[in-house]
Amino acid sequence: MFYVYILQSLKDKQLYIGYSEDLKRRIQEHDSGKNKSTKYRRPFRLVYYEAYQSKMDAQNRETNLKLFGRALGGLKRRIKISLNP
């Protein structure tokens with residue numbers, strides 16, 4: 001399985017969108033500072049993920065969420081309580 005995930009920084013409340021085949025490992029990498037783009041925004045909490053059987057489907061969804069504000073906006077409306085616990 002391939003996962004598209006959204007992490008929220010507990011430091012600045014900003015979101016990070018990514019995809020991975022191993023979700024648990026990837027989140028640990030973010031929290032341990034192994035990812036340059038998120039190193040200074042940790043710790044994180046997982047707020048959302050989607051599972052795909054196809055790597056291409058996961059990559060396309062990640063790209064869609066990152067590049068098209070409408071897609072991310074729609075998702076934020078669906079998970080608004082999760083984003084503001």
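Where a number appears in this text, it was derived from the coordinates with a stated rule and is not lab data. Since the structure is predicted, the reported quantities are computational estimates derived from the model, not experimental observations. Virtual Cβ from ideal backbone geometry, glycine too; neighbours counted across all protein chains shown.
Report relative contact order for the chain in percent, whole number only (criteria: Cα-Cα under 8 Å, sequence separation at least 6).
On the way: 121 pairs, mean separation 29.0, N = 85.
Rounded, it is 34 percent for the chain.
How many times 2.2 N^0.38 Å is the alpha carbon radius of gyration of the chain?
On the way: Rg = 12.4 Å, N = 85, 2.2 N^0.38 = 11.9 Å.
Normalised by 2.2 N^0.38 Å, the Cα Rg of the chain equals 1.04.
For Ile79 and Ser32, FRET efficiency with R0 = 22 Å and r from the beta-carbon atoms, rounded to 0.05? For R0 = 22 Å, the calculated efficiency reads 0.30.
For the chain, lysine pairs with C-alpha atoms less than 22 angstrom apart, excluding pairs fewer than eight positions apart on the same chain, total 25. Model label sites at Lys55 and Met1, defined 7 Å from Cα along the beta-carbon direction, differ in position by 1.9 nm.
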